[in-house]
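Comments concern the structure below.
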Amino acid sequence: MYLIAIPDFESGAMENWGLITYRETSLLFDPRTSSAADKLWVTRVIAHELAHQWFGNLVTMEWWNDIWLNEGFANYMELLSLNATFPELQFGACILNMLKNFLNDEKFQKGIIHYLKEFSYRNAKNDDLWNSLSNLTFPKESVEVKEMMTTWTLQKGIPLVVVKRDGDSLTIQQERFLKGVFKEDPEWKALQERYLWQIPLTYSTSSSDVIHRHILKSKTDTLDLPDKNSWVKFNVDSNGYYMVHYEEPGWDELIKQLNQNHSLLRPKDRIGLIHDAFQLVSAGRLSLDKALDLTRYLPRETSSPALLKGLQYLELFYRMVDRRNISDVSENLKTTVGWNYLLEQYELSVSGAEKNKILYALSTSKHPEKLLKFDLGSFAVRMIISGTTSHFSSKDEFQEVKLFFDSLKAQGLHLDIFQTVLETIDKNIKWLEKNLPTLRTWLLASI
């Protein structure tokens, strides 16, 4: 097996059987210019491409509609490699991890080994994988895995589980999670039609460490809690590929527990709560002040990943709001001088890791004409475009970017990223319009 780093390799890497080719930044690590994040990236990419030697090369999907069999397993194996190398997801990896948690590690591994042996040097499809896992793990219930997983691979999106508590009884219902489309919008109902998942739910309560399990197969179901509890938390350790929204007083109960003793909730559960809360704000299902209340406990947080997750969202809000005030001439002049200096350093650098860091810094400029310094179809330009615009949050900025893209299209250049960028800016605008007053009020009351 040979691993080769190639300068200016367009793809991140390519899993040629026995001769894997990589972009320099995806294989080479220089302690002088590379960071810990670079080391993690190299580890992930190497693990991903090595996994393709089995999932993709040894066993290849029968047709392109099952491409996730290649990429999902490769993504999943890279996460396993990170956990093994640095103890402390993309769709395919997430649903495989959810299935492993549902079956348990031993049964899942046994089924995967059978799948690889059965289809070595052959083509496989979705059903072949599900049958391998079903026949060895549920001999008398061989349909269960296939029925459940088909609901995840043959429809797009991610489910939202809504939990309403009434004493010792829980009402749970599922719907399609829609970010940026609100329940009051006229298109919301049409976008919900015909979506139904079989969701392997897990949940824990304040009364014990027991992990309860239930497969939600219908739109609505009810569960009885065995004991009196001050809170209930779904999606234990965030192993499931679904969002959770707690109707009142669910969020208040969890926030109260975090403030009193956050360690009673697992570290991954604390990360999951922060993630779901702010995603639900973007979907219009949770008020911003409630999500911000969830972060009040962070000064006492002892888990670095949970702390970083909270800071990630707070930084995002800061950047979107801060952009509205960057307009004076002196600041723009200062940025221009720094940008030109960084461009010179980018051209002089021979370290791929260092060039990536400089590209990120170059992307902080708000002047799109600077992109003309680069090949407009290059990876560098795509990175600068997405980085430059990711925090744009005004209609003027939207219009400026749209006019710039239109001018490039007039010259015969069109990149797929154009539409993605405009959608991101539009979502930022809507988010600020909906949440800025609440954010201002919360900050005034809290600081």
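Calculate, for I417 and D8, the FRET efficiency according to 1/(1 + (r/R0)^6) with r their C-beta to C-beta distance and R0 25 Å; round to the nearest 0.05. Walk me through the numbers on the way to the answer.
Numbers: r = 19 Å, r/R0 = 0.78.
E between I417 and D8, to the nearest 0.05, is 0.80.
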- [ ] Could you calculate the contour length gain from M1 to Q53, that is, 0.36 nm times the residue separation minus the distance between their Cα atoms, to one decimal place in nm?
- [x] 17.7 nm
Open item on the list: Could you derive backbone 3J(HN,Hα) for segment 44-56 from the dihedral phi with the Karplus parameters 6.51, -1.76 and 1.60 (θ = phi - 60°), listing whole Hz in sequence and x where the residue is Gly or Pro?
Closed with: 5, 5, 4, 4, 4, 6, 5, 4, 5, 4, 9, 8, x
TODO: Could you tell me which of L170, S287, V181 has its Cα farthest along the dipole of segment 159-322 towards the positive end, charges placed at Cβ (Lys, Arg +1; Asp, Glu -1), taken about the Cα centre?
DONE: V181
TODO: Work out the charge dipole of the chain with +1 on the Cβ of Lys and Arg and -1 on the Cβ of Asp and Glu about the Cα centre, then indicate which of N101, M243, S132 is farthest towards its positive end.
DONE: M243
Open item on the list: Amide H of A13 versus every other amide H placed in the peptide plane: which residues, excluding those fewer than 5 positions away on the same chain, fall under 5 Å?
Closed with: R23
Task: Cα-centre dipole for segment 177-251 with unit charges at Cβ (Lys and Arg positive, Asp and Glu negative), debye to 20 - done: 220 debye
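Assigning unit charges at the beta carbon (Lys, Arg +1; Asp, Glu -1) and nothing else, what dipole magnitude in debye, to the nearest 20, does segment 159-322 show about its Cα centre? If you can, show how the numbers build up before the last one.
On the way: 22 positive and 23 negative charges, 68 e Å.
The dipole of segment 159-322 has a size of about 320 debye.
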Open item on the list: Under the 0.36 nm per residue contour assumption, what length would be gained going from the current alpha-carbon distance of D252 and E187 to full extension?
Closed with: 20.4 nm
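Please tell me which of these pairs span more than 32 angstrom C-alpha to C-alpha: K100/K309; K219/K290; K290/K355? Don't skip to the answer; put the middle values down first.
Values: K100/K309 25 Å; K219/K290 26 Å; K290/K355 40 Å.
K290/K355, as the Cα separations exceed 32 Å there.
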Open item on the list: Could you order the peptides 216-223, 126-133 from most to least packed, using the average number of other C-beta atoms within 10 Å per residue?
Closed with: 126-133, 216-223
Task: Spin-label proximity, N135 to segment 102-122 - amide N less than 19 Å from point 7 Å beyond Cα toward beta carbon - done: 107-122
TODO: Would you please give the residues with an amide H less than 5 Å from that of F177, counting only those at least 5 places away or on a separate chain, with H modeled from the backbone geometry?
DONE: I158, L160
- [ ] Assuming R0 = 35 Å, can you tell me the calculated FRET efficiency for the pair E344 and E62, based on Cβ-Cβ distance, to the nearest 0.05?
- [x] 0.10
Task: Point-to-point label distance, L80-K228, nm (Cα→Cβ direction, 7 Å offset) - done: 4.6 nm
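Report the calculated FRET efficiency for R194 and L19 (r = Cβ-Cβ distance, R0 = 51 Å), to the nearest 0.05. Write down the numbers at each step before the final one.
Numbers: r = 45 Å, r/R0 = 0.89.
So the FRET efficiency works out to roughly 0.65.
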TODO: Starting from the Cα of K434, step 7 Å along the direction of its Cβ; do the same at S208; then give the gap between the two resulting points in nm.
DONE: 3.9 nm
TODO: Could you give the size of the charge dipole of the chain about its Cα centre, using +1 on the Cβ of each K and R and -1 on the Cβ of each D and E, expressed in debye and rounded to the nearest 20?
DONE: 440 debye
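Rounded to the nearest 5, what is the percent of antiparallel bridges among the DSSP beta bridges in the chain?
On the way: 24 of 37 bridges.
The answer is about 65 percent antiparallel.
Any read-out appearing in this document is the output of simple, stated calculations on the displayed coordinates, not a laboratory observation. Quick caveat, the model's predicted, so the values are computed rather than measured. Every residue, glycine among them, receives a Cβ derived from its backbone with ideal geometry; neighbour counts consider all protein chains shown.
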